[in-house]
Amino acid sequence: DDFGGTVLHACLADAGHTTTSVLTVRELFHELRGNPAAVVVAEVAHPDAEAEAICRRLVALNAPPLLLAIAQGGFDAAAEARLLRAGADEVVWAPFFPEVFTARLEVLCRRRSHPRDTALVRPLVHDGIMVDLIGRRAWVGQQELSLTRVEFDLLATMASAPHRVHSRVELAYAAKIRNADGALDPHLSRLRRKVRDAGGPRVAVAVHRSGFRLTASAPQVSA
C-alpha cells in the first residue's frame, strides 16, 4: 500500500540504495524484464496463498533474491516456513526495525553481487551429467535437460556431493517442498525419466532407509 511502500522506500534510500517502485504484481513482473535489480523487495498485506504464488512465480523466472515484508497479522512461524519454501529468501514482519530490515537486504545484495560468487562456482560434472549452478541449466552429454525449478534444485543438490547419500529432509529443504505425504517422490521420478531419456544414467538412486545418491557410479579412489 502507499504508506507501507513509502516507509520501505525511505528505509532503502536512507541506506543508500537506488530503488524502483511498483504498485501491482503485474507491474513488478513487467519491470523485472528489463531491470537488473540486485534484490526484489515485495510488501504484501498477509502471508497468504497469493503471497506464496508470487514467490513461486519469481523463482520460476529466476528472478533476483526476494525479501518479503509482511504488513499485517503479526509473526506466524508456519506461514513464514511456507513462504520460504515457496521461494522467499528473507521474510520480515511488521512492525520491524529499519536497521534489521536494511541489514537483511544487504545480506541478499552480497549474495547476489559479490564477485567471488561467479568466480568460484564452477559447473558440477559427474557420470556424464553437467550442472551449471549460475545459469541454472543441466546437460547429459551434449543434450540440455528441460527441468522444472524443483527438479533442477534436486539434481544440483545431489550433484554437489555425488557420492554422498542425501536424506529426504535435506532434499526437500533444498528444493523448498514439503517433506511429507510422498511430495518428494514424483519430482524424483520425473527427474530420473528426463535424465534417462537424454541417454544419462539412473539418478536419485535410493539407499535403503537412508536417502538418495546422485548415481550408482562408484567413487574414484587413488592408488
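The values are calculated or read from the model by the stated rules, or taken from the named source; none is laboratory data. Every value quoted in this text rests on a predicted model; they were computed, and no experiment measured them. Ideal geometry is used to build each Cβ from the backbone, glycine not excepted, and the neighbour counts take in all protein chains shown. Note: areas computed on protein heavy atoms with side chains; ligands, DNA, RNA excluded. Shrake-Rupley method; radii C 1.70, N 1.55, O 1.52, S 1.80 Å.
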Enumeration of residues in the stretch 32-52 that are modelled with pLDDT of 85 or more and either of a type in the set (D, E, K, R) or more than 25 Å from GLY74 (Cα to Cα) (or both):
GLU43, ASP48, GLU50, GLU52
Give the residues of the stretch 173-200 that are among the small types (Gly, Ala, Ser), open to solvent by 10 Å² or more (accessible area, probe 1.4 Å) and either under 27 Å from ALA79 (Cβ atoms) or assigned to a helix (DSSP H, G or I) (or both), sorted by residue number.
ALA174, ALA180, GLY182, ALA183, SER189
Any chance THR19 is open to solvent by 50 Å² or more (accessible area, probe 1.4 Å), under 24 Å from PHE97 (Cβ atoms) and hydroxyl-bearing (Ser, Thr, Tyr):
no
Quick one: is ALA63 closer than 19 Å to ILE177 by Cα, among the small types (Gly, Ala, Ser), open to solvent by 10 Å² or more (accessible area, probe 1.4 Å) and in contact (Cβ under 8 Å) with a residue 12 or more places away in the chain?
yes
Could you give every pair whose Cβ atoms fall below 9 Å, whose first residue belongs to the stretch 30-57 and is open to solvent by 30 Å² or more (accessible area, probe 1.4 Å), and whose second residue is among the β-branched types (Val, Ile, Thr) and assigned to a loop (DSSP other than H, G, I, E, B), counting only separations of at least 6 or pairs across chains?
HIS30/VAL22; GLU31/THR20; GLU31/VAL22; ASN35/THR20; VAL41/THR19
Residue count for the stretch 66-103, restricted to those that are closer than 24 Å to PHE29 by Cα, open to solvent by 50 Å² or more (accessible area, probe 1.4 Å) and either within 18 Å of the chain's Cα centre (by Cα) or of a type in the set (A, V, I, L, M, F, W, C) (or both):
4
Condition met for VAL203 (crowded, with 16+ Cβ neighbours inside 10 Å, of a type in the set (Val, Ile, Thr) and not in a loop (DSSP other than H, G, I, E, B)):
no
